[in-house]
Amino acid sequence: MVSDLQESAGRYDATPPALWAIALGALAPFPISAGLYGWGPANVSPTALTAILTWSGCVLAFLGGVRWGLESGRPAPRAGRLLVSVASPVVAWIILLSRHRIPEGWVIGGCIGAFLVQWLFDHQAPDVPARYPRLSTVLTAAACISLAVCLDQALKVGHV
């Protein structure tokens, strides 16, 4: 027999369709921007790269905020986990500020690295709903694949 607590935990871990719809909508700027940067008209390329890098910063900040919210909602928040949750938005901000100061390839690679580190942090996190790592995996994959398309293009045109 399943206890009420286990049953409610199962519902909490299931990802509602509306949440998937919102998450997938939030992912749309990644492949759209990457496609325009990689294969669009040359005059659209700079704007597309700005869009994907800016969106990357927004999403990294959002992921850090989600982690902050999950941790700060605990009866005894762990300082180390709170500190790391702030790192994601700070890194995103540094990456965005480094644009036009270092080659685009390094900026794009920094975004990929930041997403992967955030994903690793999320997947070793204790006490989170099972849906969170699943959602972060989909988001990280979409972001990293899209950014890899941009990195490939930056390498081709010599913006390394």
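Based on this model, can you work out whether Gly105 counts as under 16 Å from the mean Cα position of the chain (by Cα), assigned to a helix (DSSP H, G or I) and without any contact (Cβ under 8 Å) to a residue 60 or more places away in the chain? Can you show your working first?
Values: under 16 Å from the mean Cα position of the chain (by Cα): no; assigned to a helix (DSSP H, G or I): yes; without any contact (Cβ under 8 Å) to a residue 60 or more places away in the chain: yes.
No.
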Q: Please determine, by comparing only the residues of the range 110-160 that are surrounded by 14 or more Cβ atoms within 10 Å (Cβ to Cβ) and hydroxyl-bearing (Ser, Thr, Tyr), which one is farthest from Pro16 (Cα to Cα).
A: Ser146
Q. Right, Ser72: at pLDDT below 90, loosely packed, with under 15 Cβ neighbours inside 10 Å and in contact with a Leu (Cβ under 8 Å, 6 or more places away or on another chain) or not?
A. yes
Q: Hey, could you check the range 140-160 for residues that are modelled with pLDDT under 90 and of a type in the set (A, V, I, L, M) and say which is nearest to the chain's Cα centre (by Cα)?
A: Val160
Q) Exactly one of (1) free of Cβ contacts under 8 Å to residues at least 40 places away in the same chain; (2) of a type outside the set (A, V, I, L, M, F, W, C); (3) part of a loop (DSSP other than H, G, I, E, B) is unmet by Gly80. Its number? A) (3)
(Q) Which condition from (1) touching a Phe, Trp or Tyr at 6+ places or on another chain (Cβ under 7 Å); (2) under 22 Å from Pro77 (Cα atoms); (3) β-branched (Val, Ile, Thr) is the one that Val128 breaks? (A) (1)
Q: Test Ser85 against the stated conditions and say whether it is closer than 27 Å to Trp20 by Cα and modelled with pLDDT of 90 or more.
A: no
(Q) If the requirement is being among the aliphatic types (A, V, I, L, M) and part of a helix (DSSP H, G or I), which of these qualifies: Ala125, Ala141? (A) Ala141
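The values are calculated or read from the model by the stated rules, or taken from the named source; none is laboratory data. Everything quoted here is computed from the prediction, not taken from an experiment. Heads up, the Cβs are rebuilt from the backbone with ideal geometry, glycines too, and the neighbour counts pull from every protein chain shown.
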